[in-house]
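Chemist: If you scroll down you'll find the structure; I have some questions about it.
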2 protein chains.
Amino acid sequence: MLGAIEAGGTKFVCAVGDEMGKVIERIQIPTTVPEETMPKVIEFFKRYDLEAIGIGSFGPIDVNKESATYGNITSTPKAGWRDYPFVQALKDAFSVPIGFNTDVNAAALGEATLGAAKGLDSCLYITVGTGIGAGAIVQGKLLQGQTHPEMGHILVRRHPNDEFQGKCPYHHDCLEGLAAGPAIEERWGDKGFHLVERPEVWELEGYYIAQALMQYILILSPKKIILGGGVMKQEQVFTAIYNYLQELVNHYVELPELSTYIVSPGLGDDAGITGSLLLAHQALQEN
Amino acid sequence: MLGAIEAGGTKFVCAVGDEMGKVIERIQIPTTVPEETMPKVIEFFKRYDLEAIGIGSFGPIDVNKESATYGNITSTPKAGWRDYPFVQALKDAFSVPIGFNTDVNAAALGEATLGAAKGLDSCLYITVGTGIGAGAIVQGKLLQGQTHPEMGHILVRRHPNDEFQGKCPYHHDCLEGLAAGPAIEERWGDKGFHLVERPEVWELEGYYIAQALMQYILILSPKKIILGGGVMKQEQVFTAIYNYLQELVNHYVELPELSTYIVSPGLGDDAGITGSLLLAHQALQEN
């Protein structure tokens, strides 16, 4: 039996399942502070005889195995979680191998193994929700360099009619600052799901996401692009993205038919937890 | 003995050398049309008993081994070279394994093996000259997805005082359109080496390149960034890049000391030809 945690900023999804990514049982635990959240996680897993645990975590996190702070959440503004030794806390409770990566890298792994990019050695998974983040599989492996990618904060060109100042505390009007859920809410004065009938909202959203995809494509050349997260449940954003992206790329690189190249997650909302199970399996095999 | 070709838009550098990247002899051949250039390439290599040949070529090229047009130069505007079957032409003349990649990927391989990124499993090599291109080593391998990267054409934000329309025939004011050599010449009315005493030229250059590095860092997180090509011989551009990049990243990700993180090629102008020798060696080993 494998354990998996999809650790998000508002909730932890904990699951047990198998190495094929099949979830057998799952619970949700609110993300409050580690002293409250983690005992519930451990209590859940103690009910099973686990061989390994995989974690797909909100970030930034330290994924460099040679680092002294490997396994920690690092500079998050989330109260109580800054510098939290996530992997160590689980190691103290369970003497099993532990896989640790970002939530979006876990989702990318899930999608490349069992979802929309199944059978491909390359894909990009992007979530557009409370924040914007992305994970990637490159030549069959989760992308990692000096650290994990932070693709949600890339620069985009502001739309000439968009006067919203941007919500990113670091960069103001980077992609996340202009296009994540909180930016939509503040710019238009209402939550996204109340704005469904206002096409200009989703047109602008597509304008920014298409720019990001242009950069990702030219830099990584992924074989499939998967767009998940709450904002992407607005199907009209996909249409806007296809139109703007064609215009931006302007046939400079040959793109596959966009409606099959840029798609929703094949695993739906389960990409992250499924990928975390696969991270557990990888950790077991590497052990 | 290994053969290597660094195929550029104005000249081909052909060399023979060893698997340690050591060049034993080299010649330069002007890049005119294939019917003229290639016989000279073949004549040079016929003088040696080669075990393999490595090619680092201008692009775009087809590097997908499963493609029917693998080994071809593809959509270049360069007269005579569009759809040219580069690898096949050499296979017809020499029955040895042939490695084929972009010039910038070859340079990245050279730098990661023997140059400024020696010993690292990750680096980014960028050339800023007649065009802008980049190659990358990710987790020890040359970055490749659906095709090779085309990082020179990413979008940047125009400087508010820069009214130059941009020179890219596809995207007008993408990075290459605003910051490659021909853009500098047209914007300022003179060639770069006559503009050495005009700091505003290099300040603006740094402004655009820093934006590109911001994107590359957030997407790929390279362990070392190497900037080569004619424009980067202006040392003052590095200083401008360091300043703008610090401002843009704004401590969102932790960067190493910039003067050791973003550097000139350790192999100088030989990064490409050295990397091409290493591509030959890789082809021999994979055979």
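The values are calculated or read from the model by the stated rules, or taken from the named source; none is laboratory data. Small disclaimer: the values here were computed from a predicted structure and weren't measured. Positions of Cβ are backbone-derived with ideal geometry, glycine not excepted, and every protein chain shown enters the neighbour counts. Just the protein is used for accessible areas: all its heavy atoms, side chains included, with ligands, DNA and RNA removed. Shrake-Rupley method; radii C 1.70, N 1.55, O 1.52, S 1.80 Å.
Chemist: Which percent of the accessible heavy-atom area of region B:110-197 goes to carbon and sulfur, probe 1.4 angstrom?
Modeler: Details: 1770 of 3560 Å².
C and S fraction of accessible area: 50 percent.
Chemist: Right, here's the next one. Which residues, if any, in region B:247-271 lose at least 50 square angstrom of accessible heavy-atom surface (probe 1.4 Å) when the other protein chains sit next to their chain rather than the chain being alone?
Modeler: B:252
Chemist: May I pose another question? What number comes out for accessible area per residue over region B:1-158 if the probe is 1.4 Å? Units Å², please.
Modeler: 39 Å²
Chemist: Considering Cα pairs under 8 angstrom that are at least six residues apart, work out the relative contact order of chain A and quote it in whole percent. Before the final figure, lay out the partial values.
Modeler: Details: 606 pairs, mean separation 66.9, N = 287.
Once divided by the residue count of chain A, the mean separation gives 23 percent.
Chemist: Taking chain B as a Gaussian network, where each spring joins two C-alpha atoms under 10 Å apart, which residue of B:25, B:203, B:111 fluctuates the most?
Modeler: B:25
Chemist: Going from most exposed to least, what order do B:26, A:187 have by accessible area with a 1.4 Å probe?
Modeler: Numbers: B:26 105, A:187 45 Å².
Sorted by accessible area, descending: B:26, A:187.
Chemist: Here is a follow-up. Pull up the cross-link candidates among the lysines for residue B:167, meaning alpha carbon to alpha carbon under 17 Å and not fewer than 8 places away within one chain.
Modeler: The qualifying lysines are B:78, B:191.
Chemist: What do you get for Rg/Rh of region B:160-245 when both radii come from the Cα atoms and Rh is the Kirkwood radius?
Modeler: Working: Rg = 12.7 Å, Rh = 13.3 Å.
Computed over Cα atoms, the ratio is 0.96.
Chemist: Summing +1 for each Lys or Arg and -1 for each Asp or Glu, what net charge is found among the other residues whose Cβ lies under 14 Å from the Cβ of residue A:151?
Modeler: For residues surrounding residue A:151, the net value is -3.
Chemist: Right, here's the next one. On a C-alpha basis, how far is the centre of region A:86-115 from the centre of region B:46-118 in Å? Whole number, if you could?
Modeler: 39 Å
Chemist: Looking at region A:1-46, I'd like the Rg to Rh ratio, where Rg is from alpha-carbon atoms and Rh is Kirkwood's inverse mean 1/r.
Modeler: Rg divided by Rh gives 0.98.
Chemist: Hey, another quick one. Kindly provide log₁₀ I(q)/I(0) values, in the same order as q = 0.16 Å⁻¹, from the Debye equation applied to equal alpha-carbon scatterers of region B:51-157.
Modeler: Debye intensities relative to I(0), on a log10 scale: -0.75.
Chemist: On to the next question. Relative to the other copies, what are the label-point distances for residue A:199, with labels 7 Å from Cα along the C-beta vector, expressed in nm at one decimal and sorted shortest first?
Modeler: Spelled out, the distances from residue A:199's label point are 5.2 nm.
Chemist: Something else about it: Using only the heavy atoms of the protein chains and a 1.4 Å probe, how would A:150, A:43 rank by accessible area, largest first? If you can, show how the numbers build up before the last one.
Modeler: Details: A:150 25, A:43 125 Å².
The ordering from most to least exposed comes out as A:43, A:150.
Chemist: Suppose we keep just the DSSP beta bridges with both residues in chain A; what percent of those would be antiparallel, to 5? It would help to have the intermediate numbers written out before the result.
Modeler: Numbers: 25 of 42 bridges.
Bridges in chain A that DSSP calls antiparallel: roughly 60 percent.
Chemist: Once you've got the Cα coordinates, tell me which of B:118/B:223; A:118/A:141; A:22/A:65; A:65/A:91 are over 18 Å apart.
Modeler: Long pairs (Cα-Cα over 18 Å): A:22/A:65.
Chemist: Then there is this: To the nearest 10 Å², what's residue A:281's accessible area with a 1.4 Å probe?
Modeler: Its heavy atoms expose roughly 50 Å² to the probe.
Chemist: Specify, per residue and in Å³, the volume enclosed by the convex hull of the alpha carbon atoms belonging to region A:243-287.
Modeler: 124 Å³
Chemist: As a test of the definition: with a 1.4 Å probe, what buried accessible area, both sides summed, do you compute for B against A, in Å² to the nearest 100?
Modeler: Protein heavy atoms only, the B-A interface buries about 3900 Å².
Chemist: If you don't mind, another one. Suppose you put the label 7 Å out from Cα in the Cβ direction; list, shortest first and in nm with one decimal, how far residue A:64 is from each other copy's label.
Modeler: 3.5
Chemist: HN-Hα J couplings of region B:269-282 from phi, Karplus 6.51/-1.76/1.60, θ = phi - 60°, integer Hz, Gly and Pro as x?
Modeler: Karplus values, whole Hz, x for Gly and Pro: 7, 9, 4, x, 6, 4, x, 5, 4, 5, 4, 4, 4, 4.
Chemist: Under a point spin-label approximation (7 Å from Cα along Cα-to-Cβ), what is the residue B:162-residue A:285 distance to one decimal in nm?
Modeler: 4.5 nm
Chemist: Let me ask something else about it. So what is Rg over Rh here for chain A, counting just Cα atoms and using Kirkwood for Rh?
Modeler: 0.97
Chemist: If every alpha-carbon in region A:117-264 counts as one equal scatterer, what log10 I(q)/I(0) does Debye give at q = 0.12, 0.16, 0.18, 0.21 1/Å?
Modeler: The calculated log intensity ratios at q = 0.12, 0.16, 0.18, 0.21 Å⁻¹ are -0.47, -0.84, -1.06, -1.41.
Chemist: Run the label-point distances for residue A:25 please: 7 Å along Cα to Cβ, every other copy, nanometres, shortest first.
Modeler: From this label point to the equivalent ones elsewhere in the assembly: 7.5 nm.
Chemist: Using a 7 Å offset from Cα along Cα-Cβ at residue B:19, what residues in region B:103-120 end up with backbone N under 17 Å from the label point?
Modeler: Backbone N within reach: B:110, B:113-114.
Chemist: Please state, rounded to one decimal and in Å, the Kirkwood hydrodynamic radius that the protein assembly as shown gives when every pair of distinct Cα atoms enters the mean of 1/r.
Modeler: 24.8 Å
Chemist: To the nearest 20 Debye, how big is the dipole of region B:64-154 about its Cα centre, given +1 on the beta carbon of each Lys and Arg and -1 on that of each Asp and Glu?
Modeler: So the magnitude is around 60 debye.
Chemist: What ranking of A:84, B:216 comes out by heavy-atom accessible area, probe 1.4 Å, highest first?
Modeler: Accessible-area ranking of A:84, B:216, largest first: A:84, B:216.
Chemist: Separation of region A:134-152 and region B:190-247 by C-alpha centroid, Å?
Modeler: Computed from Cα coordinates, the inter-centre distance equals 25 Å.
Chemist: Under a Cβ-only charge scheme (Lys and Arg +1, Asp and Glu -1), can you give me the dipole magnitude of region B:117-264 about the Cα centre, in debye to the nearest 20?
Modeler: My answer is approximately 500 debye.
Chemist: What percentages, rounded to whole numbers, describe P(r) for region B:1-105 computed over all alpha carbon pairs with 5 Å bin width beginning at zero?
Modeler: Using 5 Å bins, I get a P(r) of 2, 13, 26, 28, 19, 10, 2 for region B:1-105.
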